[in-house]
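Written below as structure tokens is the structure these notes are about.
Any read-out appearing in this document is the output of simple, stated calculations on the displayed coordinates, not a laboratory observation. From a predicted model like this one, the values you see are computed outputs, not experimental measurements. Here the Cβ positions follow ideal geometry from the backbone for every residue, glycine too, while neighbour counts run over all protein chains shown.
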């Protein structure tokens, strides 16, 4: 039978079928479902994030690992029978208005979900009022915004301005990212943080909540 350490290694290797098989083995043997998630699946994806930051893993491998982890979590959730899995925090994700790029945003959303966050992905070309409505509806602690065009970056400030106007700014953290985005820009518009890549985004989100 697979051990929790072996399950973590399978997540790192990104083998969906083997992760599912090992997760099922552990659950069938009576292992606690939350323990399987917290001590097998999550350590695996955390290691993937670390290796990505060190340049030892690349985006396609990271996406495979995130999908493998997700498959394992789904099996563990079935065993929990609808019991609420403790969440690391609620995050609203979206690419800002006028921008249709989503690969980086999707990767961050997958990695956040894999790290125990409850992610609401609003997709691309998201207007400021839609971000605000989602924060209210889901009682989110963090907004993650992406922009790949310099022309759409000002839309990030519009969201922050609307949060302030709506009296929500103190209750929600804002992190931003995307190719043209910088820490200086984050400081300029009053965002709480900037992440250069998915690995850093996960660390930043953990700090913000």
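Just rank 171, 3, 146, fewest to most, by other beta-carbon atoms within 10 angstrom. Before the final figure, lay out each step's value.
Numbers: 171 11, 3 14, 146 29.
The order, fewest Cβ neighbours first, is 171, 3, 146.
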Label point 7 Å out from residue 77 along Cα-to-Cβ: which residues of region 91-107 have amide N under 17 Å?
91-93
What helix-only [θ] at 222 nm does the chain give? Using -39500 (n - 2.57) per DSSP H run of at least 4, over all residues, to the nearest 500, the answer is -16500 deg cm²/dmol
Length gained, residue 188-residue 54, 0.36 nm per residue minus C-alpha separation, equals 45.4 nm
Can you work out the FRET efficiency for the pair residue 47 and residue 165, with r the C-beta to C-beta distance and R0 = 30 Å, to the nearest 0.05?
0.10
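If I take R0 = 41 Å and measure r between the Cβ atoms of residue 13 and residue 158 in this structure, what FRET efficiency does the formula 1/(1 + (r/R0)^6) give, to the nearest 0.05?
Working: r = 42 Å, r/R0 = 1.03.
For residue 13 and residue 158, the calculated efficiency is 0.45.
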To the nearest 0.05, the calculated FRET efficiency linking residue 137 and residue 28 through their beta-carbon distance, R0 being 45 Å, is 0.75
Tilt of helix 128-138 relative to the longest C-alpha principal axis of the chain, in degrees (0 to 90, nearest 10)?
40
Using 0.36 nm per residue, how much length does the chain from residue 85 to residue 207 gain when fully extended, once their Cα-Cα distance is taken away?
41.9 nm
Identify which of the listed values of Rg/Rh (Cα atoms, Kirkwood Rh) was calculated from the structure shown: (i) 0.93; (ii) 0.97; (iii) 1.01.
(iii)
Computed over the chain: longest principal axis from alpha-carbon atoms vs helix 198-208 long axis, angle to nearest 10 degrees, is 80
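Using Cα pairs under 8 angstrom and six or more residues apart, how large is the relative contact order of the chain, in percent? Walk me through the numbers on the way to the answer.
On the way: 377 pairs, mean separation 38.0, N = 209.
This gives 18 percent for the chain.
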Against the longest principal axis of the chain, how steep is helix 103-114, in degrees 0 to 90 to the nearest 10, with axes from Cα atoms?
50
